[in-house]
Amino acid sequence: MHAVGLYIKQSLRGIYPETEIKSLEKIIITEVLRINMLDIYMGKDINLSVNQVRELDEILAKLQKYEPIQYILGYTEFYGMTFRVTPEVLIPRPETEELVSLIIKEQPDSPIRILDIGTGSGCIAISLSRMLEQAQVFAWDISEGALQIAQKNNQALGTSVSFQQVDVLAFQPEDDKFDVIVSNPPYVMNSEKADMEQNVLQWEPPLALFVPNEDPLRFYRRIAELSIQLLKVNGKIYFEINQAFGEETADLLLKLKYREVKIIKDLSGRDRIVKALR
């Protein structure tokens with residue numbers, strides 16, 4: 001094994017599972033040190049510059065403190081695009097790409113109005129804006145820091161999402177009407193913290209993650225109630241959900257008289273999306 005790869009592995013062993021170390025090693029070698037993985041596999045002599053050694057050690061020190069590699073690099077890939085991320089926003093997850101794909105598949109590329117509630121890095125809103133070019137996309141978040149990141153992503157990726165700072169729990173609807181409302185709101189119960197990885201617990205924004213144990217569906221309920229007024233007739237609502245609450249989220253929508261309520265599993269076979277018609 002090449003000395004660089006061995007050094008990375010030894011520095012991270014015991015902190016991360018072996019499979020994760022392997023993927024971190026590849027990211028560090030290709031993205032940070034700009035070395036071709038083929039050269040590593042071929043056992044080519046690779047001499048790191050003083051700056052590269054310093055950079056490598058700084059990154060390994062951060063990883064040893066469980067800082068996610070996406071925050072260390074300052075970006076991540078989502079839906080084929082590069083999104084800026086900092087600890088102000090959640091790191092976009094592959095399951096959320098499935099949510100975006102479903103909406104794109106079900107929506108005609110026509111002049112529809114889409115609202116993304118709790119936008120974070122802007123990954124859902126910006127991906128929809130990029131893929132549905134005729135759509136007008138709006139996005140809300142309570143966090144000013146998150147909105148600044150989302151706006152930078154909007155500019156960098158050449159999309160025209162309209163962002164607004166809104167506390168959805170306190171918001172009173174106006175006359176705005178939307179064809180689609182989508183949300184991936186906070187849904188992790190405080191009681192689930194014990195099972196979570198340190199890199200999520202210590203680094204990702206709690207505001208975007210956690211809900212009280214006694215009211216895990218608070219955001220879904222509030223958004224569903226608001227959406228009765230905000231959606232056009234036959235408008236669609238899409239939620240990314242906590243896999244433990246698929247039935248409960250669907251029941252909540254049925255009680256509010258939504259139609260065609262469906263629970264959809266993600267690629268891992270877990271309940272992940274609930275969708276319905278107004």
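For region 183-198, a residue qualifies if it is under 21 Å from residue 100 (Cα atoms) and among the aliphatic types (A, V, I, L, M), and exactly one does: 188. Candidates are the residues of region 72-102 that are closer than 13 Å to residue 130 by Cα and either more than 12 Å from the chain's Cα centre (by Cα) or aliphatic (A, V, I, L, M) (or both); the one that is surrounded by the fewest Cβ atoms within 10 Å (Cβ to Cβ) is 80.
Which residues, taken from region 133-150, are more than 19 Å from the chain's Cα centre (by Cα) and in a loop (DSSP other than H, G, I, E, B)?
133, 134, 135
Residues that are modelled with pLDDT of 95 or more and either in the same structural domain as residue 186 (by TED's automatic domain parsing) or basic (Lys, Arg) (or both): does region 39-52 have at least one? No, region 39-52 contains no residue that is modelled with pLDDT of 95 or more and either in the same structural domain as residue 186 (by TED's automatic domain parsing) or basic (Lys, Arg) (or both). Could you please let me know if residue 119 is farther than 30 Å from residue 21 by Cβ and of a type in the set (Val, Ile, Thr)? So residue 119 fits the description; yes.
Of all the residues in region 165-211, those that are farther than 21 Å from residue 95 by Cα and crowded, with 19+ Cβ neighbours inside 10 Å number 2. The residues in region 91-107 that are within 16 Å of residue 208 (Cβ to Cβ) and either among the hydrophobic types (A, V, I, L, M, F, W, C) or not in a helix (DSSP H, G or I) (or both) can be counted, and the count is 4.
Among what's in region 12-40 and is among the hydroxyl-bearing types (Ser, Thr, Tyr) and part of a helix (DSSP H, G or I), pick the residue that is farthest from residue 72 (Cα to Cα). If you could, list the steps in order and put the result at the bottom.
Our first condition is that a residue be among the hydroxyl-bearing types (Ser, Thr, Tyr); within region 12-40, this holds for 16, 19, 23, 30.
From what is left, the residues that are part of a helix (DSSP H, G or I) are 19, 23, 30.
Numbers: 19: 19, 23: 15, 30: 14 Å.
Here the residue is 19.
Comparison of 59, 40, 69 shows that the only residue that is touching a His at 6+ places or on another chain (Cβ under 7 Å) and surrounded by 11 or more Cβ atoms within 10 Å (Cβ to Cβ) is 40.
If only one of 121, 110 is of a type in the set (S, T, N, Q) and either outside any loop (DSSP other than H, G, I, E, B) or at pLDDT 95 or above (or both), which one is it?
Numbers: 110 fails: either outside any loop (DSSP other than H, G, I, E, B) or at pLDDT 95 or above (or both).
Result of the check over 121, 110: 121.
So which residues in region 146-179 are closer than 27 Å to residue 234 by Cβ and of a type in the set (S, T, N, Q), if there are any at all? Correct list: 159, 160, 162, 164, 172.
The values are calculated or read from the model by the stated rules, or taken from the named source; none is laboratory data. Owing to the predicted nature of the structure, the values given are computational and were not obtained by experimental measurement. For neighbour counting, all protein chains shown are included, and Cβ atoms are generated from backbone atoms with ideal geometry for every residue, glycine included.
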